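Worksheet for the structure shown next.
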Ligand code: IPM
Ligand code: MG
């Protein structure tokens, strides 16, 4: 798909290191637009924990409606220890994911350089798969609650919800993606149907939808075994499809295979509609304002956004520049203790984009 060339992008930099890494993402967005020739307008929104603490406002309906009419949302990170756990995350991230029906959370697990791979005997070539995480159901619906709170008879309940519609569209997306990638031509369903018997809905729908894709291999792993295989034989995987909570968990493990949280990015998608792009890392409050956080994940999120919008050339340019800068040692590693500052890394990638064009 080629893009329409002119985009409205909502920016929610959020909490902690969010604003610092987003600034570098916006830096390379600008460089890429100048080089490849697309236009965009950004509107920055102040939402996040600081804003909540000052105003009691999370993501007001008016802004929600305005953003709905844009092309994409670029999000930094949300989370602050001064707020009740999950409150701001739910009010902003979940409101966007659920409210815009962003039913796919796409999380590439790709290592850009050999030295980033922590596994003995594995190289960057061995780490290249993608997780399709269902993004609008499961435990994240927060159906359930607490009864007799604070008493010795307290009961807490959380419902794992799967609908035929939700499961089917995630699985179909995964098969289409395996076809498009044309790499391992394999989709691995990850579930826990041996213990959570209602997950049988995933098994059946996977079988049914899979019949429409005779050229794609249908594979299966229980989530615990999947964690084991991700360490033992990561090169085996091509596309993984899984439910919301397991997808959340296995992609943090996946991020470590790529070299750490500083490099892993994601897209929350509803194909054809406004979608949201973010690094998968959190707000890392202890690094806030120190100019130490690695902005690569936030930059790769920009590349994913551009790819989604149809600006393939710009997306590839950013990704290749990141890869090259990591491979040639200009950016030696991704740890916060590497001595490189957030904006220094941003400048290195911007220069690499200019030189590569
Ligand atoms: C993620 C995050 C979120 C999630 C949190 C911040 C609610 O961990 O995007 O992976 O659990 O989805
Ligand atoms: Mg997570």
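Computed from the coordinates by the stated procedures, all read-outs in this text should not be read as laboratory data. It should be emphasised that the depicted structure is a prediction, and the values quoted were computed from it without experimental measurement. Here the Cβ is made from the backbone with ideal geometry for all residues, glycine too, and neighbour counts use every protein chain on show.
Points to keep in mind about this one:
- Listing 338, 49, 94 from fewest to most neighbouring C-beta atoms within 10 Å gives 338, 94, 49.
- For the stretch 272-357, a/c is not less than 1.5, where a ≥ b ≥ c are the root eigenvalues of the C-alpha gyration tensor, and a/b does not top b/c. That puts it in the oblate class.
- Here the extension length gained between residue 204 and residue 61 equals 47.7 nm, from 0.36 nm per residue of separation less the Cα-Cα distance.
- Using bins of 20 Å that start at zero, the share of Cα-Cα pairs per bin across the chain amounts to 30, 60, 10, 0, in whole %.
- Under the criterion of Cα pairs below 8 Å and six or more residues apart, the relative contact order for the chain equals 24 percent.
- Each of residue 68 and residue 44 was given a label point 7 Å from its Cα along the Cα-to-Cβ line. The distance between the two points is 2.7 nm.
- Calculation over all alpha carbon pairs of the stretch 119-258 in 10 angstrom steps from 0 returns a P(r) of 11, 39, 31, 13, 5, 1 percent.
- Shown here is the pair-distance distribution of the stretch 34-124: with all Cα-Cα distances grouped in 5 Å bins from zero up to the longest one, the shares run 3, 10, 17, 16, 13, 12, 12, 10, 6, 2, 0 percent.
- Of the beta bridges in the stretch 187-285, as assigned by DSSP with both residues counted there, near 30 percent are antiparallel.
- Dividing the radius of gyration of the alpha carbons in the stretch 71-143 by their Kirkwood radius gives 1.10 for Rg/Rh.
- Per-residue ellipticity at 222 nm from helix content only, as computed over the chain with -39500 (n - 2.57) for each DSSP H run of at least four residues, stands at -12000 deg cm²/dmol.
- Rounded FRET efficiency, nearest 0.05, which uses the C-beta distance separating residue 354 from residue 158 and R0 of 41 Å: 0.25
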